[in-house]
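Let me begin by presenting the structure, written as structure tokens, before commenting on it.
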Amino acid sequence: MIYRFGMFELDLSRHELRREGAPVAIEPQVFDLLALFVRRPGELVTHDEMLAEVWGGRIVSDSAIASRVSELRHALGDDGRRQEILRTVPRRGFRFLPEVRATNARQSGAVSRQHVRMARSRDGTAIAYATTGSGAPLLRAGHFLTHLEADWRSPVWRPLLDRLGARFSVTRYDQRGTGLSGASASPLELDRFVEDLRAVADAAGLDRFPIFAASQGVPVAVAFAALHPERVSRLVLYGGYVQGRSRRGTAEDAERAQAILTIIRDGWGRSGAAFAVGFAAIYMPDASHEELESMVGMQLASATPEMAVALRRAIDAFDVSDLLERVRAPALVIHARDDAVHPVEQARLLAAGLPDARLVITGSRNHVPMPLDPAWETLMSAAEDFLGD
């Protein structure tokens, strides 16, 4: 059995802990302690249960337990002050916080490899894509800040890919000008992004399929579904919008758009405190230090500062208001209640305009779905149930 959480894998059959695929050296008792926690994520594990499971019921000192817990935290990049992974419950025990996904060795092999291929969009732009996982096909629409290889090692995106890949054969791609895709051969307009999605679907041999879309990928997926209703079976739309900021016509939206552009120009790809704090406050306010550093580090891998600014301007101009009623596929619209990138009102507008839509509002404030956020499980469970209907 293999247990996955964040960027880690605990492989019981090989007695190995891996971080982003690389083995992490830990003592046998520390391994056994972690195995106990991952089998009971979110639950209180008492000191007595730890003694019974790890030490075979022997009497050991509190300092011995504390030493093993400290070693475990160090191996996972946690510590007793932050307690982002392992939380102490005073005088009772510990609670393991990350969501854990368990797969057997055969299932693991289906989601542990990817092969990057290239599709050719209508205007000749090369679009990089990859298919991972096993099961029915699912296409994940391209969106801001991706890189096929970096995503595979990301503590933010890899858990999403593993979760989806356990049940679906997931095809995803880097949008034009970003990641492993080529520079755009045409102006950055909505129609070009729709053509990119179609090119990837064609190259991957997808005839009729569901789409999982987030953020700017939502209007792209909506437009594709409106133009090609015979090809889209279902839509999962997370954190998206109908009208980009420049189309909403309010002073607040204009100010917010300018703030995001300023942040990108001044600190794209830099881990300095001011930029990191600004980025986190808007996109992922509940991110751990590791998650935030991973996303900031991915920025230059995904796009140059100039391309990032150009993309943000293009994204802000998307408007699919007149396409909603043409969508025939059932849709699940999910949105964080306090999303600072795209307001929840856009989700309501999206759900109201689509002919067949369900709306789920989570109690989160993260625009980027965070694996440690309780709303992450709400998102994933709702998506799986909807896609499985």
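The values are calculated or read from the model by the stated rules, or taken from the named source; none is laboratory data. As the structure is a prediction and not an experimental result, all values here were calculated from the model. Neighbour counts run over all protein chains shown; Cβ positions are idealised from the backbone, glycine included.
Conditions tested, residue by residue: (1) more than 24 Å from P369 (Cβ to Cβ); (2) without any contact (Cβ under 8 Å) to a residue 40 or more places away in the chain; (3) part of a helix (DSSP H, G or I); (4) more than 14 Å from the chain's Cα centre (by Cα).
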| site | (1), (2), (3), (4) |
| --- | --- |
| A281 | no, no, yes, yes |
| A287 | no, no, no, no |
| L292 | no, yes, yes, no |
| M295 | no, no, yes, no |
| A301 | no, no, yes, yes |
| E306 | yes, yes, yes, yes |
| I315 | no, no, yes, yes |
| S321 | yes, no, no, yes |
| E325 | yes, yes, yes, yes |
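Report yes if some residue within region 19-28 is assigned to a strand (DSSP E or B) and either β-branched (V, I, T) or buried (at least 16 other Cβ atoms within 10 Å of the Cβ) (or both); otherwise report no. Reasoning before the result, please.
Going residue by residue through region 19-28, those that are assigned to a strand (DSSP E or B) are 19, 22-24.
Of the ones still in play, those that are also either β-branched (V, I, T) or buried (at least 16 other Cβ atoms within 10 Å of the Cβ) (or both) are 19, 24.
Yes, region 19-28 contains a residue that is assigned to a strand (DSSP E or B) and either β-branched (V, I, T) or buried (at least 16 other Cβ atoms within 10 Å of the Cβ) (or both).
From the list R68, R58, which one is basic (K, R) and free of Cβ contacts under 8 Å to residues at least 40 places away in the same chain?
Details: R68 fails: free of Cβ contacts under 8 Å to residues at least 40 places away in the same chain.
None of the other options fit; the residue is R58.
Taking region 172-206 as the region of interest, how many residues are farther than 11 Å from S121 by Cβ and either crowded, with 23+ Cβ neighbours inside 10 Å or of a type in the set (G, A, S) (or both)?
Residues that pass the stated criteria total 9.
Only one of V333, V368, V360 is in a loop (DSSP other than H, G, I, E, B) and within 22 Å of the chain's Cα centre (by Cα); which?
Going through V333, V368, V360 in turn, the sole match is V368.
Could you list all residues from region 110-128 that are of a type in the set (G, A, S), outside any loop (DSSP other than H, G, I, E, B) and farther than 22 Å from D207 by Cβ?
Step one: of region 110-128, the residues of a type in the set (G, A, S) are 110, 112, 119, 121, 124, 126, 128.
Still in the running and outside any loop (DSSP other than H, G, I, E, B): 110, 119, 126, 128.
The answer is A126, and nothing else.
Just need a number here: residues in region 224-255 that are buried (at least 17 other Cβ atoms within 10 Å of the Cβ), in a helix (DSSP H, G or I), in contact (Cβ under 8 Å) with a residue 24 or more places away in the chain and of a type in the set (K, R).
Looking only at that region, the number is 1.
Considering (1) at positive phi; (2) assigned to a helix (DSSP H, G or I), say which one D48 fails and leave the rest.
(1)
When both residues are 6+ apart or on different chains and their Cβ atoms are under 8 Å apart, which pairs have a first residue that lies in region 1-29 and is modelled with pLDDT of 85 or more, and a second that is of a type in the set (F, W, Y) and part of a strand (DSSP E or B)?
E9/Y3; L10/Y3; L17/F8; R18/F8; R19/F8; V24/F8
Check off (1) modelled with pLDDT of 90 or more; (2) farther than 30 Å from V170 by Cα; (3) buried (at least 17 other Cβ atoms within 10 Å of the Cβ); (4) of a type outside the set (S, T, N, Q) for V38 and give me the number that stays unchecked.
Failing condition for V38: (2).
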